[in-house]
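Reading through the structure tokens given below for one structure.
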Amino acid sequence: MTESDRAVTDRPLLEVTDLAVSFKVARARGSWTRPVVRAVDGISLRIEAGETLGLVGESGSGKSTTGRAVLQLVPADSGSIQLEGTDLATAGANGRELLRKRVSMVFQDPFGSLNARMKVGDIVGEPLEIQRIGDRPSRRSRVTEILDLVGLPADAISRYPHEFSGGQRQRIGIARALAVEPALVVCDEPVAALDVSVQAQILRLLKDLQRETGVAYLFIAHDLNVVRHVSRRTAVMYLGKIVEEGPSSTLFGAPRHPYTQALTSAIPIPDPDAPRRRLVLTGEIPSPTNPPSGCRFRTRCPYAQERCAAEVPLLEPAGDGVSVACHFWKEIAASKETTEPAAR
């Protein structure tokens, strides 16, 4: 294997570097300037072929904006988004064509994301028609095949979205996303609007489809219990920044960042009498138009010190494949180890 072949093999499917996205909002009465919302502020991600990266955080942390920026649905202020080695921001028409063929999206709302005036066969087949993949008979055959793959009956092809339940509609959305055989699917809260029993069905479907097709997922959610079961790696966002990232088993088993600790401590457990240590956050997430100086989490962090207000923590390796952005994560881990036995 040559050096160039090895470089291609080692290249991730998706690599996001220093991505920043901001929006201007309406100015307040009496003000001459329009506030700027820094929704995403210099984050980096990578997704390998066939893997699932979970992206979690509270509402307003920038998760969905990150997913939409990957899909070029919102413009990036700076940074690069490389898909299979192609920088989508600079590749022009070729980059857009690659993006449409290789990346799809499953939306949160299974009701509003489907055109009520179109039959299911037309909804699922539309990406194939837009990309000019095959002729009409082959496209119809592909639609039938993908509907069967996601567990929908054969007659679904001639029915309308309103004739299906919420879970079935989300299956239609997944079928549409997989129609062009993408390498990556951005799942933006794909089960948030569904009942718990239906959530389990959709999550099982996504995992089965990944095994069968090798598709990769960027799985955006606020439900950590869902993410820990579907994602090989997880990134935790807070106010436009990634504060911790690593293998899901390690991150959920021994979180380093105080924000991750607070989120994981709130995950429900089956046994109400089991010993557990809660880290309850106070206050609300600050406004992204005026984020705190230094560490953005410091206004809610029980371990904050003067350095946290003066210096922005960098996302640095913390062992076991985990990276964390906290000045005092080692001290916090040490203090937790000493107090943990007493808590039990």
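Readers should treat all values here as calculations from the given coordinates under stated rules, not as data from a laboratory. Bear in mind the structure is a predicted one, so any value in this text is a computation, not a measurement. Don't worry about glycine lacking a Cβ; one is built from the backbone with ideal geometry, like all the others, and counts go over all protein chains shown.
Summary of computed values
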{"read-out": "Computed E for residue 204/residue 269 - FRET, C-beta separation, R0 35 angstrom, nearest 0.05", "value": "0.95"}
{"read-out": "Along each principal axis, Cα extent of region 68-190, largest first, Å", "value": "45, 32, 23"}
{"read-out": "Relative contact order (%) - criterion: Cα under 8 Å, at least six apart; region: the chain", "value": "19"}
{"read-out": "Eligible lysines near residue 119 by straight Cα distance, threshold 25 Å, same-chain separation 8 or greater", "value": "101"}
{"read-out": "Kirkwood-based Rg to Rh ratio, region 42-83, C-alpha trace", "value": "0.94"}
{"read-out": "Extension reserve of the residue 117-residue 130 stretch, reckoned as 0.36 nm per residue once the Cα distance is removed", "value": "2.9 nm"}
{"read-out": "C-alpha center-to-center spacing [region 156-190, region 284-339] in angstrom", "value": "39"}
{"read-out": "Fraction of the pair-distance distribution of region 102-146 above 14 Å, Cα-Cα pairs, percent", "value": "55"}
{"read-out": "Cross-link reach list, lysines versus residue 63, counting only Cα pairs under 20 Å and skipping chain neighbours closer than eight places", "value": "24, 241"}
{"read-out": "Packing-based exposure ordering (other Cβ within 10 Å, fewest first) of 295, 301", "value": "301, 295"}
{"read-out": "Cα gyration tensor of region 151-230 - equivalent ellipsoid semi-axes, whole Å, descending", "value": "21, 16, 10"}
{"read-out": "Virtual paramagnetic centre 7 Å along Cα→Cβ of residue 311, amide N under 13 Å, in region 287-302", "value": "294-295"}
{"read-out": "nm² value of the averaged projected area, convex hull over the Cα atoms of region 64-104", "value": "2.7"}
{"read-out": "Principal axis dimensions, region 1-160 - Cα atoms, whole angstrom, descending", "value": "57, 56, 30"}
